[in-house]
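Worksheet for the structure shown next.
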Amino acid sequence: MPQHYNIPLFIPHLGCPFQCIFCNQNKIASSRGVPAISDLTAIIDEYLSTMADDSENIEIAFFGGSFTAIDHELQGKYLAAVQPYLKSGRIGSIRISTRPDYIDDRILSFLAGYGVKTIELGVQSLCDEVLKASGRGYSRDDVFKASHHIKDRGFKLGLQLMIGLPGDNYERDLDSTRQAAALNPDLVRIYPTLVIADTPLESLFHEHKYVPLSLPEAVAVCKDMFLIFQQQDINVIRMGLQPGEELRSPGAVVAGPFHPSFGELVEQEVFKEQAGMALGNYKEKAGLKPDLVLMVHEKDISKMTGPRKSNLLFLKNEWQLESLKVKAHPDLVRDTVAVAPASDSRPALILTRKQFLLSKGQC
């Protein structure tokens, strides 16, 4: 699959009509302040200089605020500023991020006229109680209405979900996941709620009225959400906030499950579970030998190994093995786990991700 490139243009808070309880965009975005129209060319050119010449897979993305809630004239200026890149073929499309309650037919016609192809909705939750507690200002019904509008008009639909919001719990997260999957989005992002400095959520945290998820809890919830989306062939393109300089600065994240490689942690848990199923299948087929090797695609080695080899140690103890190692095999595709005796160079049993998901769905 060709590499996809985003040129992110952050417009923090611009257009946001509400102060969401968790939000401080100047901390989350990778640059402070709102970029001037005159700055866009320099920003875009700098990104293009580092990217392969593959315009069909290069996209300009307006992130950070609620794009369609911006003053209509200013929206036009931002979109007009990037038209030369579309017309010259240097980029293939434009993506915007916005709120579900700022989508209608007039807005969609306007965006289509400027070459916008993908619209990401900051959904966060599909539980009205959680949305209200988080200060989002819209309902579950608004999300469904906007999503259907976007799909009906031929745009790609992206949904952004959050876990660990006030009033949230595991059951509500998975219910939101299933409802989101039913909307058949083209892509999904999942973010754990962090207590960011200078937000209403920070005040609730210090008043002991809000308890964030721990890192293991957040990873476990996201793993189950990720697998639901994978079962529906829905692409989860990110898990966890981008760890920019602002989030890494002292005091920016007050509390919560922040990790610079959060998505990797989630996928490591998936590989651990998939490998456990593969070992169980191998035991039924051939009986467990004391020394085994797990084989994966070379780019999945770290996901199979886990942090500080924790996956291998867990599986070794779980299956009472004397030795369990992992190595790359050139014939295996991504997200596949194979099992073989340590003395063999070829897999004795192969479990693809699709097979794993099918078996898991039948459990």
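Taking a Cβ cut-off of under 11 Å around residue 210, the surrounding Lys, Arg, Asp and Glu residues balance to a net charge of -2, with basic ones at +1 and acidic ones at -1. Here the Gaussian network model covers the chain, with springs between Cα atoms less than 10 Å apart; of 35, 84, 100, 84 fluctuates the most. Note on residue 151: lysines with a C-alpha under 19 Å away, same-chain residues under 8 apart excluded, are 117.
Calculated FRET efficiency, residue 110 to residue 178, Cβ-Cβ distance, R0 = 30 Å: about 0.40 to the nearest 0.05.
How much of the DSSP bridge set in region 112-266 is antiparallel, in percent, rounded to the nearest 5?
Here the antiparallel bridges make up roughly 10 percent for region 112-266.
Taking other Cβ within 10 Å of each residue's Cβ, how do 270, 254 sort, fewest first? Walk me through the numbers on the way to the answer.
On the way: 270 20, 254 17.
In order of increasing Cβ crowding within 10 Å: 254, 270.
Using the number of other C-beta atoms within 10 angstrom as an exposure proxy, rank 189, 238 with the fewest first.
238, 189
With only the Cα atoms considered, region 29-185 has a convex hull volume of 131 Å³ per residue. Amide H to amide H, with H built 1.01 Å from N, residue 63 comes under 5 Å of 9, 10, 11, counting only residues 5 or more places away or on other chains.
Dipole check for the chain: with +1 at the C-beta of Lys and Arg, -1 at the C-beta of Asp and Glu, and the Cα centre as origin, the magnitude is about 680 Debye. Counting only DSSP H runs of at least 4 residues, each contributing -39500 (n - 2.57), and dividing by the residue count of the chain, the helix-based mean residue ellipticity at 222 nm comes to -11500 deg cm²/dmol.
Can you tell me the relative contact order of region 268-362? Whole percent, Cα pairs under 8 Å, sequence separation 6 or more.
Working: 154 pairs, mean separation 33.6, N = 95.
Relative contact order of region 268-362: 35 percent.
Close amide H pairs (under 5 Å, H built 1.01 Å from N) link residue 335 with 297, residues at least 5 positions away or on another chain.
If you place +1 on the Cβ of every Lys and Arg, -1 on the Cβ of every Asp and Glu, and leave all else neutral, what size is the dipole of region 268-362 about its Cα centre, to the nearest 20 Debye? Intermediate results must be reported in sequence, preceding the final value.
Working: 16 positive and 11 negative charges, 28 e Å.
It comes to approximately 140 debye.
With coordinates expressed along the principal axes, the C-alpha atoms belonging to the chain extend over 69, 53, 40 Å, beginning with the largest.
How do 269, 120, 59, 129 line up, fewest other C-beta atoms within 10 Å first? Intermediate results must be reported in sequence, preceding the final value.
Details: 269 21, 120 25, 59 18, 129 14.
Listed from fewest to most nearby Cβ atoms, that is 129, 59, 269, 120.
Reachable lysines from residue 209, Cα under 22 Å, same-chain residues fewer than 8 places away excluded? The qualifying lysines are 132. Normalised by the number of residues in the chain, the mean separation of alpha-carbon contacts (under 8 Å, six or more apart) gives a relative contact order of 13 percent. Taken as Cα centroids, region 123-168 and region 313-354 sit 40 Å apart, rounded to the nearest whole angstrom. Given +1 at the Cβ of Lys and Arg, -1 at the Cβ of Asp and Glu and no other charges, the dipole of region 73-145 around its Cα centre is 420 debye to the nearest 20.
Within the straight-line cut-off of under 23 Å between alpha carbons, the lysines reachable from residue 354 are 223, 272, 283, 285, 299, 303, 327, sequence neighbours fewer than 8 places apart in one chain being disregarded. Ranking 286, 306, 321 by Cα position along the charge dipole of region 281-328, where only Lys, Arg, Asp and Glu carry charges on their C-beta atoms, puts 306 farthest toward the positive end. Just add up the charged neighbours of residue 121: K/R +1, D/E -1, any other residue whose Cβ is under 14 Å from the Cβ of residue 121. For residues surrounding residue 121, the net value is +3. Across region 128-136, rounded Karplus estimates of 3J(HN,Hα) from the backbone phi angles (6.51 cos²θ - 1.76 cosθ + 1.60, θ = phi - 60°) give 4, 5, 5, 4, 5, 5, 8, x, 6 Hz, Gly and Pro being marked x.
Any read-out appearing in this document is the output of simple, stated calculations on the displayed coordinates, not a laboratory observation. On a predicted model such as this, the values are computed, not experimentally measured, just so you know. FYI the Cβ positions are ideal-geometry reconstructions off the backbone, even for glycines, and counts take in every protein chain you see.
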